[in-house]
Amino acid sequence: MLIERIWSANPYRNFHYLIACPESGEALAVDPLEWRLCLDAARKKGWQITQILNTHEHRDHTGGNEGLVRATGASVLAHAGAATRIGGIDHGLSKGDVIRVGRTVELECLDTPGHTMAHICLLGHGEQPALFCGDTLFNAGAGNCHNGGNPELLYDTFVTQLARLPDNTQVFPGHEYLARNLEFTLDREPDNADASALLAQARQHDPTSDITTTLGQEKNINTFFRLHSPSVIVRLRNVFPDIGEHPDARTVFIKLRELRNRW
Ligand SMILES: [Zn+2]
Ligand SMILES: [Zn+2]
């Protein structure tokens, strides 16, 4: 499986991805809003975009479908529950479906509600698994739930699905928010040395170059995976005294999400 990350340089800070089969050169484009950039990247590599995957129905992920379909004839895939809202979908996807790209690539569809109620994360298996997680999981952060989402379900997705994937899984989100998210982690957990070290790196970082985290690393630097950290809980109690001495992980997650909304 070949992965090309494409930095949009747009105000939404989108990341796009091409996932290609090394044998056939067929490629799948993930959320190709700036579709011309995706087309150029594919041409440079000698790949043909034959499929488009929308992780969810928001316009900053689907707005490039039409242009890219016109240019390539690619078929469009999305969560079955988002198909009518997106329009022009060729295949509606459900949990456990496998998307094949060329002869060698297989991507498993995870049904990951929370940011919206119809969100797909793609999991590429292999020696180093790869997770294309749209707006569910960001590097060092979590998606918001303002536009059709639900924080309770986002918590369930984090705990029952994402946290259980192998620690060496690479994380490929839909937007570049790394430094801002690390600042939030450090606001909540100032003694997090791993987050401090990565923030220093992220502040000098050009988004076109690679900082790719793994899930194992996320468990150290992403406050939404650090629901049992004593320092996270102590600081959270300063803001929300009613959570008590020993809040459960769900409460911690939901209160962190609430804080992040106004932070
Ligand atoms: Zn979104
Ligand atoms: Zn988005």
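The values are calculated or read from the model by the stated rules, or taken from the named source; none is laboratory data. Given the structure is predicted, the values throughout are model-derived calculations rather than measurements. A quick note on method: Cβ atoms are made from the backbone with ideal geometry, for glycine too, and the neighbour counts reach across all protein chains shown. Calculation scope for accessible area: heavy atoms of the full protein, side chains included, ligands and nucleic acids excluded. Shrake-Rupley method; radii C 1.70, N 1.55, O 1.52, S 1.80 Å.
Of note:
- Hits in segment 111-129 - residues which are touching a residue at least 12 places away in the same chain (Cβ under 8 Å) and either closer than 18 Å to Gly216 by Cα or in a strand (DSSP E or B) (or both): Asp111, Ile120, Cys121, Leu122, Leu123, Gly124, His125, Gly126, Gln128, Pro129
- In segment 35-85, residue nearest to ligand 1 (Cβ to nearest atom) [restricted to those that are among the small types (Gly, Ala, Ser) and assigned to a helix (DSSP H, G or I)]: Ala82
- Selection of first residues in segment 16-27 that are farther than 12 Å from Cys38 by Cα and of second residues that are open to solvent by less than 10 Å² (accessible area, probe 1.4 Å) and of a type outside the set (Val, Ile, Thr), restricted to Cβ pairs under 6 Å at least 6 apart or on distinct chains, gives the following pairs, ordered by first then second residue: Ala20/Ala27.
- Given (1) aliphatic (A, V, I, L, M); (2) part of a helix (DSSP H, G or I); (3) farther than 30 Å from Leu186 by Cβ, index of the condition Leu153 fails: (3)
- The lone exception for Met117 - which of (1) under 11 Å from the mean Cα position of the chain (by Cα); (2) within 13 Å of ligand 1 (Cβ to nearest atom) it fails: (1)
- When the criteria are applied in full, Cys38 fails the requirement of being touching a Ser or Thr at 6+ places or on another chain (Cβ under 7 Å) and open to solvent by less than 10 Å² (accessible area, probe 1.4 Å).
- When His16 is tested against (1) of a type outside the set (A, V, I, L, M, F, W, C); (2) open to solvent by 10 Å² or more (accessible area, probe 1.4 Å); (3) within 16 Å of ligand 2 (Cβ to nearest atom), only condition (2) is not met.
- Any pair with Cβ under 6 angstrom, 6 or more apart, that starts in segment 45-70 at a residue that is in contact (Cβ under 8 Å) with a residue 24 or more places away in the chain and closer than 24 Å to Leu110 by Cα and ends at one that is open to solvent by 30 Å² or more (accessible area, probe 1.4 Å) and more than 16 Å from ligand 2 (Cβ to nearest atom): Ile49/Thr72; Thr50/Glu26; Gln51/Ser75
- Condition broken by Gly244, with the remaining ones in (1) open to solvent by 20 Å² or more (accessible area, probe 1.4 Å); (2) closer than 27 Å to Gln128 by Cβ satisfied: (2)
- One residue alone among Val69, Val98 is surrounded by fewer than 15 Cβ atoms within 10 Å (Cβ to Cβ), closer than 20 Å to Ile19 by Cα and not small (Gly, Ala, Ser), and that residue is Val98.
- Within the set Phe172, Phe184, the sole residue that is within 16 Å of ligand 1 (Cβ to nearest atom), in contact (Cβ under 8 Å) with a residue 60 or more places away in the chain and open to solvent by less than 50 Å² (accessible area, probe 1.4 Å) turns out to be Phe172.
- From the list Ala29, Ala74, Ala9, the lone residue that is away from ligand 2 (no atom under 16 Å from the Cβ) and either buried (at least 16 other Cβ atoms within 10 Å of the Cβ) or among the aliphatic types (A, V, I, L, M) (or both) is Ala74.
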